[in-house]
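For reference, the structure discussed in these notes is given below.
Nothing in this text is a laboratory measurement; each read-out follows from the coordinates by a stated rule. This one's a predicted model, so the numbers in the text were calculated from it and none came from an experiment. Backbone-built Cβ (ideal geometry, glycine too); neighbour counts: all protein chains shown.
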Amino acid sequence: MAGHDNILGPDKRPSFFPVEDGTDRLQPPPNCKGIAVRFAARSLSVMQKEGLVASSSSKQVWRLVSDEGAYLDGFDEAPCPLSFLTTGMVCSYMTELLALAEQRSIAIRDVTLVQDNYYTMKGSALKGTMTGGAKDIDLEARIDSDADAETLRALVYDAVAASPLNGLMRGEKESLFTLTHHDRQVIPDKAKPVIGDVPPDPTELIAGCQPLDADACIRRSGMSPITAEATSSQGSSLAEEQDRTLHVRGICTLRKDGVKQVEQQLFNPHGSIFHYLCDEQGRAPDAASYIAAGIGFCFMTQLGRYAKIAKKDLAAYNIVQDLHFSPGGASGGTGQAGSADPVETHVFLHSSEDDGFARAALDMGEQTCFLHAFCRTDLRARVRVLKA
């Protein structure tokens with residue numbers, strides 16, 4: 001494994017920014033459903049990752065980074081991967097809710113969405129039984145409106161169904177992969193294959209990117225409240241055998257200019273609060289970009305974590321990941337529930353180990369990734385509506 005250096009801390013660039021020559025570096029994949037997102041990311045150190053994301057919904061490419069807290073011996077320089085998925089998810093719900101309200105002539109004076117995501121990790125990494133899981137979400141909508149409670153409840157439920165993310169949340173979708181080790185393609189053991197060409201390793205297209213401007217779309221804001229569910233400690237998530245439940249919360253509100261703002265709290269493992277901006281008009285990354293980053297970064301964390309637990313060399317692990325969503329049922333005017341294709345991920349490993357380790361790393365990375373579990377599990381939202 002690469003040395004446990006804090007690469008992000010000394011970096012003089014902002015952590016998150018629109019990329020100056022972004023479209024020259026990265027383009028979204030061919031658009032086959034309505035929304036296409038490509039996320040290219042590279043490992044920096046044991047738990048720090050850097051990625052670029054290009055969405056067909058935006059002309060701007062964004063640089064995003066991720067880190068972990070003390071529970072994974074990280075430096076807490078940036079949000080954990082699960083934070084990005086929660087943010088993109090709750091912002092997508094807000095977009096569809098507002099669009100539906102306008103279509104149904106429901107006047108809303110103010111709205112706050114509070115979303116709680118839960119995940120599980122059970123089993124032994126070395127025995128090959130460790131598996132990540134995803135559980136149903138809780139979504140509380142606090143709405144100031146003259147509409148009655150039943151009308152508002154139907155509005156929220158329909159907004160959840162209309163979200164493009166509905167296509168990954170409902171049903172069971174097995175993710176697809178290719179594997180490149182030492183610059184050679186390797187046939188995976190268990191992972192289902194992506195059909196088509198394999199793009200190049202993304203390291204060079206990511207390295208050295210510069211900001212178009214320095215407006216912060218994500219910032220840290222102290223530690224999350226400590227709750228009774230917190231069981232983490234220094235390095236606890238690196239235990240070879242585990243049985244734990246994770247809990248991430250996102251609180252979404254609107255700025256006066258319509259930009260969504262999310263306060264993310266990490267309850268278990270106990271971690272930092274991060275504040276996000278999200279916008280479908282290009283003033284910040286859109287919801288689909290955050291969703292893509294969350295899935296990609298989470299999978300990468302599991303690759304690095306498995307190598308560390310197994311005490312195997314993994315000098316670098318990089319990915320190119322494609323997502324394909326339908327337009328939102330309300331915001332995209334389809335009137336349909338959101339749909340999605342299986343996640344496609346091209347994995348590039350650089351290691352002195354043999355191809356057997358590369359195959360095992362891919363399979364255990366997918367098996368323990370909370371967000372690939374999210375895709376392969378049929379999940380629902382438990383909705384609660386409060387009239388303000």
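Values as computed for the structure displayed
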item	result
Cα centroid separation, the range 7-37 to the range 60-98 (Å)	15
With Cα atoms, 0 to 90° folded angle of helix 355-368 axis to the chain main axis	20
Pair residue 256, residue 231: separation of 7 Å Cα→Cβ label points (nm)	4.6
Filter on 122/312; 59/192; 33/122; 122/308; 12/312 - keep pairs with C-alpha separation over 24 Å	59/192; 33/122; 12/312
Computed over the range 17-387: relative contact order in percent, which uses C-alpha pairs under 8 Å that are six or more apart	30
Angle in degrees between helix 287-310 and the longest Cα principal axis of the chain, rounded to the nearest 10	30
Fluctuation leader among 18, 199, 29 - the chain, Gaussian network, Cα springs under 10 angstrom	199
Total formal charge among the other residues, if their Cβ is under 11 angstrom from that of residue 144, Lys/Arg +1 and Asp/Glu -1	+1
Span from the the range 300-369 Cα centroid across to the the range 189-220 one, whole angstrom	12
Cβ-based net charge around residue 314, under 14 Å, with every Lys or Arg adding one and every Asp or Glu removing one	+3
Cα convex hull volume per residue for the range 119-175 (Å³)	107
Within a Gaussian network of the chain (alpha carbon springs, distance under 10 Å), most fluctuating of 358, 107, 125	107
Listed residues 328, 88, 356, most fluctuating in the chain (Gaussian network, C-alpha, under 10 Å)	356
Stretchable slack from residue 172 to residue 27, in nm (0.36 nm times residue separation minus alpha-carbon distance)	49.4 nm
Residue 384-residue 120 pseudo-label distance in nm [points 7 Å out on the Cα-to-Cβ vector]	2.2
Cys with no candidate disulfide partner in the chain (beta-carbon separation under 4.7 Å rule)	32, 80, 209, 217, 252, 298, 369, 375
Proximal charge balance of residue 236 [Cβ under 11 Å; K/R count +1, D/E count -1]	0
Mean Cβ count within 10 Å, highest first, over the residues of peptides 38-50, 164-176	38-50, 164-176
Segments 310-323, 293-306, 126-139, 224-237 sorted - mean Cβ within 10 Å per residue, highest first	293-306, 310-323, 126-139, 224-237
